[in-house]
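Asks: Just passing along the structure, written as structure tokens.
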Amino acid sequence: MAELSVKYMGLNLKNPIIAGSSGLTHSIADLQRMEKSGVAAVVMKSLFEEQIYLDADYQQQKASKSRLIYLQHSETFDYIDTHIRNEYVSDYVQTIREAKKKLHIPVIASINCISASSWTSFVAKLQDAGADAIELNIAVQPFNPALSAADIEQLHLDIIHKVRSMTNVPVAVKISPYFADLSRVIDNIAATGVNGIVLFNRFFSPDINIDNMQIVAANMFSTPAELSNSLRWIAVKSDLVPCDLCASTGVHSGRDVIKILLAGGAATQIVSTIYNNGLDWVAVMLNDLETWMAGKGYNYIDQFAGKMNGFETDAPASYERMQFMKYYSQVE
Ligand SMILES: Cc1cc2nc3c(=O)[nH]c(=O)nc-3n(C[C@H](O)[C@H](O)[C@H](O)COP(=O)(O)O)c2cc1C
């Protein structure tokens, strides 16, 4: 039987499939279900920096309407602000603590963040609670014309440096595919000393229901066709960056996991395929990986990891964008 273990950010994983951050990794019961399905690690549902601040604002507004609180007493609001943040975060920290008692696989905490401000002080609490790693889901969107591409990149680097200085546990950064200069951004993020980069986050997409004139969510789940962007960037960068690369978006089958490993990815994260196919699908994916390895005569993942990355393959340009133009120019 093939040995499926891999190392991701220094963590020993029994196989290369991680349950990605989502509604499937929210509560202790969710995390236990994930472990039972056979995944090698879980990334918890993100703790949202924005939500922490919104909660604090809401509580402050409520408090400001109270006749019991003297309106100019800003210390009171400071207290509420800090208290609410701590409350919100302590639920999350408690879930990590409990998960570490009940699960045998690595538990990766996730923070959705947009700034390097005061929330970063909570990172130490995640570490103290036993999180095996922290995934920063950096979600600075390019909608603000006052923020240039360079500003957005700098925000990412500031967040990473701040978090890196606050913790010793491995840190991964999950990024958006929407950068003006993605290649350089990946290089610069890798150079910060992060242990992993997750390629890529997949965001809420809007649609319009023309019958009731409402804005609705479009395509909440990915399709297998979406794998190619993660595959391309992992293939192009895996040999060049000093950290692990992990695929997210479009990993739907055992075959997709094999492709990412061949491209040089250290591991894969799955979400949509579990929503679509249920928890038993993880065993099918692992079985497909094992069967393929047996057919090729591989006993260990190291024997084929990175074999098809941009430098090992004899057709590295196939992974680069220009090749699309050539392809279309050849199609009648
Ligand atoms: C319902 C749902 C909730 C999600 N919540 C989070 C989240 O809290 N944090 C995060 O980093 N990604 C979140 N994601 C994104 C997933 O982790 C993943 O990056 C994305 O779904 C692409 O992977 P997939 O193709 O396997 O679905 C969520 C995705 C879905 C569908």
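Asks: State whether one or more residues within the range 273-282 are more than 16 Å from the ligand (Cβ to nearest atom) and modelled with pLDDT of 95 or more.
Replies: Yes.
Asks: Could you say whether any residue in the range 160-173 is modelled with pLDDT of 95 or more, closer than 23 Å to Glu226 by Cβ, open to solvent by less than 30 Å² (accessible area, probe 1.4 Å) and not in a strand (DSSP E or B)?
Replies: no
Asks: Further question: Val163 versus (1) of a type in the set (A, V, I, L, M, F, W, C); (2) touching a residue at least 40 places away in the same chain (Cβ under 8 Å); (3) closer than 22 Å to Ile270 by Cβ: which is the lone unmet condition?
Replies: (3)
Asks: So how many residues does the range 254-272 have that are within 14 Å of the ligand (Cβ to nearest atom), within 26 Å of Gln32 (Cα to Cα) and either at pLDDT below 95 or open to solvent by 30 Å² or more (accessible area, probe 1.4 Å) (or both)?
Replies: Final tally of qualifying residues: 1.
Asks: Still on this structure: I need the full set of residues from the range 183-225 which are in a helix (DSSP H, G or I) and either surrounded by fewer than 15 Cβ atoms within 10 Å (Cβ to Cβ) or touching a helix residue (DSSP H, G or I) at 6+ places or on another chain (Cβ under 6 Å) (or both), in order please. Talk me through it step by step, then tell me what you get.
Replies: In the first step, residues of the range 183-225 are kept if they are in a helix (DSSP H, G or I); the result is 183-190, 224-225.
Answer for the range 183-225, where residues must be in a helix (DSSP H, G or I) and either surrounded by fewer than 15 Cβ atoms within 10 Å (Cβ to Cβ) or touching a helix residue (DSSP H, G or I) at 6+ places or on another chain (Cβ under 6 Å) (or both): Ser183, Arg184, Val185, Ile186, Asp187, Pro224, Ala225.
Asks: Would you pick out the residues in the range 115-145 that are farther than 22 Å from Phe203 by Cα, of a type outside the set (Lys, Arg) and open to solvent by 20 Å² or more (accessible area, probe 1.4 Å)?
Replies: Matches in the range 115-145: Ser117, Ser118, Ser121, Phe122, Ala124, Gln127, Asp128, Gly130, Asp132.
Asks: I've got another one for you. Yes or no: Ile114 under 19 Å from the mean Cα position of the chain (by Cα), within 16 Å of the ligand (Cβ to nearest atom) and either free of Cβ contacts under 8 Å to residues at least 60 places away in the same chain or within 26 Å of Lys14 (Cα to Cα) (or both)?
Replies: When the stated conditions are applied, Ile114 does not pass them.
Asks: Return the only residue of Asp211, Asp207 being in contact with a strand residue (DSSP E or B) (Cβ under 9 Å, 6 or more places away or on another chain), over 24 Å from Val171 (Cβ atoms) and charged (D, E, K, R).
Replies: Asp207
The values are calculated or read from the model by the stated rules, or taken from the named source; none is laboratory data. Bear in mind the structure is a predicted one, so any value in this text is a computation, not a measurement. Note that we place each Cβ from the backbone using ideal geometry, even for glycine, and neighbour counts take in every protein chain shown. Only protein heavy atoms, including side chains, enter the accessible area calculation; ligands, DNA and RNA are left aside. Shrake-Rupley method; radii C 1.70, N 1.55, O 1.52, S 1.80 Å.
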